[in-house]
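> Have a look at this one.
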Amino acid sequence: MDTDNPTTTGLPGSGGTESSSPRGAPRVLYRLATSVTTALWLLGALAILYAIDRVFGLPAGPLLPMAALALLVNLASCVYARYFALQGPVSLPRDFFPSRSILLTQDMTDARIEVRQTLREELGFTLASKDPEWVVMEKGSNRRLLSWLFHLGMIVCVAGLLISYLFAYEGTVTLWPDRPDTIEPEAGGRLIRLLRMTPKETPWSLVLDEFSAEYAEASRLEYPGDPVSRLAVGLGWDSPEYSPRKAPALKGHKSVLRVISNNKAVYSGTASVNGPLKYGGYAFYPKTFVQSLQIRLDGGFLPISARTGTEVFFPGIGPSLKFSTMATGTLERMDGTTETLAPYTVVSKAVYNAGGKGFAPLDKLTLDTGLIVDGRLLTIVGITEGTVLGYRYDPGVWPVRAGGLLVVLLVCARLYSASYILAYNLEEVDGIVTLRLYIEAGGFPADGARVVQRLVDHLTRNDLRPAPVD
Amino acid sequence: MPNYEMILSRDSYLLAIELRGYWAVAAIYGLSLILFIFHILTSHQGVGRAARALIWAAGALNVALVAFRAFEAGRAPVYSGYERLALFSMAVTVTYLFAARRFPKIYTPGVFVSALGFGASVTALLIASPGAGPVAPELESCWFVWHAALATVSYSVLAVSGSLEASAAASGGLLRRGAPGAIAADAELVEGLRAYAHRLVIFAFPLLSISVLAGAAWADAAWGGYLSLTPGLTLPLITLTVFAVYLHSMAVPALRGSLGPALNLAGLACLAGTLLWASWLERLLGAAGLYIYQG
C-alpha cells in the first residue's frame with residue numbers, strides 16, 4: 001500500500017482490487033507515479049521553473065514542459081489508481097489514533113444500537129464499511145469522487161497547456177480596406193519549428209470592411225513624484241490637481257472584418273479590444289491602426305500617399321515632412337456628451353541641429369483647409385485607415401478552458417462542502433463500555449469537534465449528573 | 001469650458017480628501033504595528049488590546065476610503081495599483097478582525113497584519129499614482145474585474161492564514177524552549193492556530209483558483225496569450241501552486257506537521273512578492289510589464 005497516501009483515497013492495496021496494480025518491475029514506477037509525494041515534488045518544481053521563466057525572465061529551457069509532462073503522467077496515474085479505489089470501500093489510514101474515548105453507561109448491546117441509531121438518524125451518517133475492529137461511517141459530499149473528478153479536470157487542463165506550448169504561434173497582419181490578405185505565419189509553434197517546418201498560408205483571406213475609433217477627453221494628474229512632496233500632500237500642505245490633456249485618449253477601436261474563401265464571403269465579424277474575431281482556429285486582436293493621407297500638392301491631379309508618423313518627401317518642399325495621426329471617430333467628453341471629432345493632423349518639418357535630425361511642428365492641417373509649406377499648397381483629399389491585428393493560433397485554448405472550468409467548479413464543490421469520515425468501535429472491559437472515535441472532517445464548513453460533541457451529548461443525555469451547587 | 005473646470009476642480013478636491021484620509025490610515029497601521037511589537041516584547045495585554053483597537057480604527061477608515069474611491073471614480077476600485085493596494089489593506093484587516101474573534105487574547109498575528117496593512121498603504125502612497133482617470137481599453141473587461149477583486153480578497157485571507165501560521169510557529173518555538181512570552185504558549189492553542197490557518201486556506205483557495213482562471217480568460221480575450229502574462233499575473237498562478245502543494249501536504253499525515261506549515265509561510269512570501277513586484281521590484285529591476293495599468 002502506498003504509505004503516503006491520505007486516508008480515504010484508498011489506492012489499490014488499501015481498498016482497491018489487487019488486479020488493478022501492476023506486478024514485478026513496473027511496480028516501483030507505478031507506486032512512484034501514483035504517489036502524492038511525487039505530485040508535491042512536481043508541483044513545487046513547476047512553481048519554481050515557472051517563476052524562473054516568467055517572473056525573472058531566465059530561460060528554463062525544456063525543463064518547464066518536461067515538468068508539466070511529468071505532472072501529466074502523475075495525474076493520469078493517480079486518476080487511474082483512484083478509479084479503482086472508488087469502487088472499493090472507504091478505508092482509514094494505517095496509523096491513526098482515536099481522537100476521543102467516551103465511557104458509556106449503557107451495556108454493550110444497547111450501546112451498539114444507540115450509537116448506530118444516533119449516527120444514522122440524529123447526525124445523518126451512512127455506513128461506509130466495517131471490519132471486525134472498526135465501523136466506518138460517512139456523511140456529506142463524496143469527497144473521493146469530487147477529488148477524482150477534479151484531478152481528471154486537471155489532466156485536461158495540463159494537456160491543454162502542453163498543446164499550447166507545442167503548437168501555438170502568433171504574429172501580426174496589417175489590413176487596409178478592400179484589400180484582402182491571407183495569413184502567412186513566419187514561424188509555427190515550437191514543435192513545428194523543431195521539425196524545421198513552416199505552417200501553411202491560410203486558404204481564406206481577411207478583408208477590412210470598416211474601421212472606427214473612439215476617443216475620450218482625459219485629464220492629467222499633477223502629483224509630485226518624490227516621497228516628501230507626497231507626504232506634504234497627505235498633511236494638507238499641498239494638493240493634487242487635475243488638468244485637461246491636450247490630446248484626447250484613445251478609448252478603443254473596432255474593425256469590421258470579412259472572411260473570403262473561394263471568392264465568397266463566408267464569415268463577418270468585429271475585432272475589438274477584449275472582443276477578438278475568431279475563425280479557422282485563429283483569433284484576431286486589434287493592436288493598433290495605421291493611417292494613410294492622400295495629399296494634393298498645389299492642387300495637382302495625382303495625390304501623394306503619406307503614412308502618418310513616417311517621413312514623407314514632397315517635391316519642392318524642404319528636407320521632409322511628417323504628419324501626426326489624425327484622431328477620427330467619436331469623442332466622449334468629460335461631462336458625458338459625445339461628439340464627432342473634427343480630425344486634423346499636425347504637420348512637422350525636418351530640422352537639422354547639433355543633436356541630429358528632428359521634426360519641428362509647423363501647423364495643423366484639416367480636411368477642409370490647406371497649408372502652405374515652402375510656397376507649396378498642401379491639401380488633404382482623403383484618409384484611409386488600416387488596422388493592425390495580432391493573430392494567434394492556439395489549439396490548446398479550449399482544453400484549458402474546459403479543464404479549468406471543471407477544476408474550478410469541483411474545487412469549490414470539494415472545499416466548500418462538508419464531508420466527514422467517522423470510525424468507531426466499542427469495547428467492554430470489566431462491564432464498562434468504552435466508545436472510541438476517530439473523525440476526519442473535510443471542507444470549509446466542516447467541524448469534526450462539533451459532530452463528536454453532539455454524538456457524546458446524545459449518548460450521555462440520560463446519565464446522572466451532579467446537581468448544581470447554589 | 002466652465003463645466004470641465006468644475007469637474008476637474010471637484011475631482012481634485014475629492015482626491016485631496018482621499019489622500020489625506022489614506023495617509024491617516026497608513027499612520028494608524030504604523031502605530032498599531034509599533035504597539036503590537038511592544039506587546040510581543042513586554043507581554044502586556046493592555047498594549048495588545050490598544051493595538052487591536054487601532055487596527056479596528058484603521059480598518060473602518062480603510063473601508064470608508066475604498067467606498068469613497070468607488071464613488072469618486074464611478075467604478076469598482078480595482079483598476080490601478082493604488083486601488084488594489086488599498087483594497088488589499090482593507091481586506092486583510094477585515095479578515096484578521098473576523099479571525100481574531102476565535103482567538104481574542106492572542107495578539108501576535110496582528111503584527112503581521114498591521115505590517116502588511118502599513119506596507120500596502122505606504123507603497124500605494126509613495127509609489128503608485130492615485131489618479132482616477134479613464135480606464136485603459138484592455139482593462140474594460142468583466143473578466144479583469146473578477147480577476148482583480150477575487151485575487152485581492154483571496155490574498156488577504158491567505159495573508160491572515162500565514163500570519164496565524166507564523167504565530168503558531170513562534171509559539172511552538174517558545175514552547176519547545178520553555179520560554180514565557182507575550183504569546184500564550186500552549187500546545188492546544190498552537191494546534192488551534194494551525195487548524196484555523198488551514199481552514200482559511202481552504203476558504204481562499206477556490207477564490208484564488210477562480211481569480212487565476214478569470215485572469216487567463218481576460219488575457220486570452222485581450223491579447224490572445226493566456227499564459228503570456230506579466231509577473232503581476234503569473235505570480236498568482238505560482239502562489240496557487242504553492243498553496244496546492246500545501247493542501248496536499250496537509251492531507252498526508254506524515255507531512256502535516258512539518259512541510260505543511262513551511263509551505264503556508266512560503267505562500268505568504270509569494271503573496272508579499274506579488275504585492276511588491278507590481279511596484280518596488282519592477283522599478284528596482286527595471287522589469288517592464290505587458291500589463292497596462294493606469295498609474
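> Along the Cα→Cβ direction, 7 angstrom out, place labels at residue B:186 and residue A:174. What is the inter-label distance in nm?
Here the modelled spin labels are 7.4 nm apart.
> Let me ask something additional. Between helix B:259-276 and chain B, what is the angle of the helix's C-alpha long axis to the longest principal axis, kept within 0 to 90° and rounded to the nearest 10?
30
> Please pull out the direction-averaged projected area of region A:169-233, using the convex hull of its alpha-carbon atoms, in nm² to one decimal place. Mind dumping the intermediate values first?
Numbers: hull surface 38.8 nm².
Mean orientational projected area (region A:169-233, Cα hull): 9.7 nm².
> Further question: With an 8 Å Cα cut-off and a minimum separation of 6 or more residues, compute the relative contact order for region A:176-298 in percent. List each step's numbers first, then the result.
On the way: 185 pairs, mean separation 25.6, N = 123.
About 21 percent, as a whole number.
> Using a 1.4 angstrom probe on protein heavy atoms only, which residues from region A:47-66 are buried by at least 50 Å² of accessible area when all chains are present rather than their own chain alone?
A:47, A:50, A:54, A:55
> If I take every Cα pair under 8 Å that is 6 or more residues apart in chain B, average their sequence separation and divide by the length, what percent do I get for the relative contact order?
Working: 389 pairs, mean separation 59.2, N = 295.
About 20 percent, as a whole number.
> Additional query: Using only the Cα atoms, what convex hull volume per residue in Å³ does region A:396-444 have? If you can, show how the numbers build up before the last one.
Numbers: hull volume 3.2 nm³, N = 49.
Once divided by residue count, the hull of region A:396-444 is 65 Å³.
> Name the residues of region A:187-229 whose amide N is less than 13 Å from a point 7 angstrom out from the Cα of residue A:262 along the C-beta direction?
Zone members listed by number: A:204.
> Over all directions, how big on average is the projection of the convex hull of the alpha-carbon atoms in region A:312-470, in square nanometres?
Numbers: hull surface 117.2 nm².
Across all orientations, region A:312-470 yields a mean hull projection of 29.3 nm².
> OK, next. In nm, give the distance between the simple-model label positions of residue A:66 and residue A:120, each being 7 Å from the Cα along the Cα-to-Cβ direction.
For residue A:66 paired with residue A:120, the spin-label model returns 5.7 nm.
> Based on the Cβ-Cβ distance of residue A:374 and residue A:182, what FRET efficiency does E = 1/(1 + (r/R0)^6) give at R0 = 56 Å, to the nearest 0.05? Before the final figure, lay out the partial values.
On the way: r = 42 Å, r/R0 = 0.76.
E(calc), rounded to 0.05, equals 0.85.
> In chain A, how many lysine pairs have Cα atoms under 24 Å apart, counting only pairs 8 or more places apart or on different chains?
Close lysine pairs found across chain A: 23.
> Follow-up question, since we're still on this one. Quick check: convex hull of the Cα atoms in region A:277-403, volume per residue, rounded to a whole Å³? Show your work: numbers first, answer last.
On the way: hull volume 26.5 nm³, N = 127.
Convex hull of Cα atoms, per residue: 208 Å³.
> List residues of region A:276-307, by number, whose backbone nitrogen lies under 16 Å from a label position 7 Å along Cα→C-beta of residue A:317.
A:292-307
> Then there is this: Summing +1 for each Lys or Arg and -1 for each Asp or Glu, what net charge is found among the other residues whose Cβ lies under 15 Å from the Cβ of residue B:3? Don't skip to the end; give the middle numbers.
Details: positive: A:333, B:10; negative: A:217, A:332, A:335, A:339, B:5, B:11.
Value of the local net charge: -4.
> Here's something else I'd like to know. Buried accessible area between A and B (1.4 Å probe, both chains summed, ligands and nucleic acids excluded), in Å² to the nearest 100? Let's see the in-between values first.
Values: alone 27300 and 13740 Å², together 35840 Å².
Approximately 5200 Å² gets buried when A meets B.
> Where in chain A are the DSSP H helices whose C-alpha atoms run 30 Å or more along the long axis and whose mean Kyte hydropathy is at least -1.0?
Details: long enough: A:63-87 (36 Å, 1.46); A:143-167 (35 Å, 1.56).
Result, helices passing both filters: A:63-87, A:143-167.
> Sticking with this one: What do you get for Rg/Rh over the protein assembly as shown if you use C-alpha atoms and the Kirkwood form of Rh?
That ratio is 1.06, to two decimals.
> What order, most packed first, do the peptides A:62-74, B:49-61 have when packing is the mean number of other Cβ atoms within 10 Å of each residue? Write out the running numbers ahead of the final one.
On the way: A:62-74: 17.5, B:49-61: 19.8.
Listed from highest to lowest mean packing, they are B:49-61, A:62-74.
> Next up: Label points 7 Å out from Cα along the Cβ direction at residue A:350 and residue A:243: separation in nm?
3.4
> Work out the mean other chain Cβ neighbour count within 10 Å for the residues of B:19-25 and drop it here as an integer. Each step should come with its number before you reach the end.
Details: counts 9, 5, 1, 1, 6, 1, 0.
Taking the mean over all residues of the peptide, I get 3.
> Still on this structure, please answer the following. Could you work out, residue by residue across B:245-252, how many beta carbons of other chains sit within 10 Å of that residue's beta carbon, and then give the average as an integer? Numbers along the way, then the final one.
Values: counts 8, 2, 2, 6, 4, 1, 10, 10.
The mean count of partner-chain Cβ atoms within 10 Å per residue comes to 5.
> To the nearest µm²/s, what D does Stokes-Einstein give for chain B at 25 °C and 0.890 mPa s, using the Kirkwood radius over alpha carbon pairs as Rh?
On the way: Rh = 19.9 Å.
Rounded, D is 123 µm²/s.
> For peptide B:213-226, what's the mean number of Cβ atoms from other chains within 10 Å of each residue's Cβ?
On the way: counts 7, 2, 0, 4, 5, 1, 0, 9, 6, 5, 8, 14, 8, 11.
Mean shielding by partner chains, rounded to a whole number: 6.
> Kindly express, to the nearest 10 degrees and within the range 0 to 90, the angle between helix B:231-251's C-alpha long axis and the longest C-alpha principal axis of chain B.
It works out to around 30 degrees.
> Rounded to a whole number, what % of the accessible area of region A:338-470 do carbon and sulfur atoms account for, probe 1.4 Å? Kindly include the intermediate steps, with their values, before the conclusion.
Details: 3970 of 6960 Å².
Summing carbon and sulfur atoms, their accessible area is 57 percent of the total for region A:338-470.
> Going highest first, how would you order A:115-127, B:245-257 by mean Cβ packing within 10 Å? Write out the running numbers ahead of the final one.
Values: A:115-127: 15.2, B:245-257: 19.4.
Order by mean packing, descending: B:245-257, A:115-127.
> Taking a virtual spin label 7 Å from the Cα of residue B:27 along the C-beta vector, which residues in region B:61-85 bring their backbone nitrogen under 16 Å of it?
Flagged as within label range: B:61-62.
> How about region A:181-283: which GluC sites (Glu not before Pro) there are in a DSSP loop, with at most 14 other Cβ atoms within 10 Å of their Cβ? Provide the component values of the computation, followed by the final result.
Details: sites: A:186, A:201, A:210, A:214, A:217, A:222, A:241; in loops: A:186, A:201, A:217.
Those satisfying the criteria are A:186, A:201.
> Please compute the Cα-Cα pair-distance distribution of region A:45-167 with 10 Å bins starting at 0, giving whole percents from short to long.
For region A:45-167, the binned pair fractions read 10, 27, 22, 16, 14, 8, 3, 0 percent.
> What percent of all Cα-Cα pairs in region A:174-286 falls into each 5 Å bin, going from 0 up to the bin containing the maximum distance?
P(r) for region A:174-286, in whole percents per bin: 2, 10, 13, 13, 10, 9, 9, 6, 7, 7, 7, 5, 2, 1, 0.
> Leaving ligands, DNA and RNA out of it, work out the accessible area of residue B:68 with a 1.4 Å probe and give it in Å² to the nearest 10.
50
The values are calculated or read from the model by the stated rules, or taken from the named source; none is laboratory data. Not measured: the values here are computed from a predicted model. Heads up, the Cβs are rebuilt from the backbone with ideal geometry, glycines too, and the neighbour counts pull from every protein chain shown. The accessibility values were calculated without ligands, DNA or RNA, using every heavy atom of the protein model including side chains. Shrake-Rupley method; radii C 1.70, N 1.55, O 1.52, S 1.80 Å.
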